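For reference, the structure is listed below as structure tokens.
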Amino acid sequence: MEGRNLFNFGPALGYFFRRNDPNRKTNFNLRTMHFINKLSMAMFLVGLCVVLYRLFTR
């Protein structure tokens, strides 16, 4: 693995900030699944920030 590709967060950030595809059919289950995935990733990042904050302030 090359060092320059180690911190490539483009695909992860693209998952949060992508536009809706007008050609794709909407499905309630799929939208719900993506919402839960985004929510769980956001909660993980908030928890990671809290842990790092507590680690550096002690």
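General remarks:
- Test for GLY14: is it surrounded by fewer than 10 Cβ atoms within 10 Å (Cβ to Cβ) and either part of a helix (DSSP H, G or I) or touching a residue at least 40 places away in the same chain (Cβ under 8 Å) (or both): yes
- Failed item in (1) loosely packed, with under 10 Cβ neighbours inside 10 Å; (2) assigned to a helix (DSSP H, G or I), with PHE35 passing the rest: (1)
- Verdict on PHE16 being of a type in the set (A, V, I, L, M, F, W, C) and in contact with a helix residue (DSSP H, G or I) (Cβ under 7 Å, 6 or more places away or on another chain): yes
- PHE56 vs. criteria in a loop (DSSP other than H, G, I, E, B) and exposed (fewer than 10 other Cβ atoms within 10 Å of the Cβ): no
- Filter result for ARG19 (under 16 Å from the mean Cα position of the chain (by Cα) and open to solvent by 90 Å² or more (accessible area, probe 1.4 Å)): yes
The values are calculated or read from the model by the stated rules, or taken from the named source; none is laboratory data. Keep in mind that this is a model prediction, so the values were computed, not measured. A quick note on method: Cβ atoms are made from the backbone with ideal geometry, for glycine too, and the neighbour counts reach across all protein chains shown. Heads up: the accessible areas ignore ligands, DNA and RNA and are worked out on the full protein's heavy atoms, side chains in. Shrake-Rupley method; radii C 1.70, N 1.55, O 1.52, S 1.80 Å.
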